[in-house]
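The values are calculated or read from the model by the stated rules, or taken from the named source; none is laboratory data. Predicted model, so just to flag it, every value in this text is computed and none were measured. Positions of Cβ are backbone-derived with ideal geometry, glycine not excepted, and every protein chain shown enters the neighbour counts. Surface areas here come from the heavy atoms of the whole protein model, side chains and all, with no ligands, DNA or RNA. Shrake-Rupley method; radii C 1.70, N 1.55, O 1.52, S 1.80 Å.
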Amino acid sequence: MDFGRGFCVIVSRCPYEMAHKAIMAGMPELVAVTAPTARALWVAGGMRDCT
C-alpha cells in the first residue's frame, strides 16, 4: 500500500505514538477529532525537518 497518497483519521486525541506511526508509514497528514498532545506536536515538528 502507498500510504503517501492518503491520510489517516482517528476519532480520539492524537498521542505522540500515533503521530510517530503515521510519520513512519509515510502518511503526509494525520487528522484527529480532538487536539493533539504537546508531545505529538513536538514529534511531528521534529520529523518534518527530517523528511
Seminar exercise, completed: Within the range 42-51, of all residues that are modelled with pLDDT under 85 and assigned to a helix (DSSP H, G or I), the one most open to solvent (accessible area, probe 1.4 Å) is Arg48
Seminar exercise, completed: Checked the range 3-13 for anything at pLDDT below 85, open to solvent by 100 Å² or more (accessible area, probe 1.4 Å) and farther than 20 Å from Gly46 by Cα; matches are Arg5
Exercise. Under 8 Å by Cβ, and 6 or more places apart or on different chains, what pairs join a residue from the range 14-35 that is farther than 22 Å from Asp2 by Cβ and open to solvent by 50 Å² or more (accessible area, probe 1.4 Å) with one that is part of a helix (DSSP H, G or I) and of a type outside the set (D, E, K, R)?
Worked result: Tyr16/Ala40; Tyr16/Trp42; Tyr16/Val43
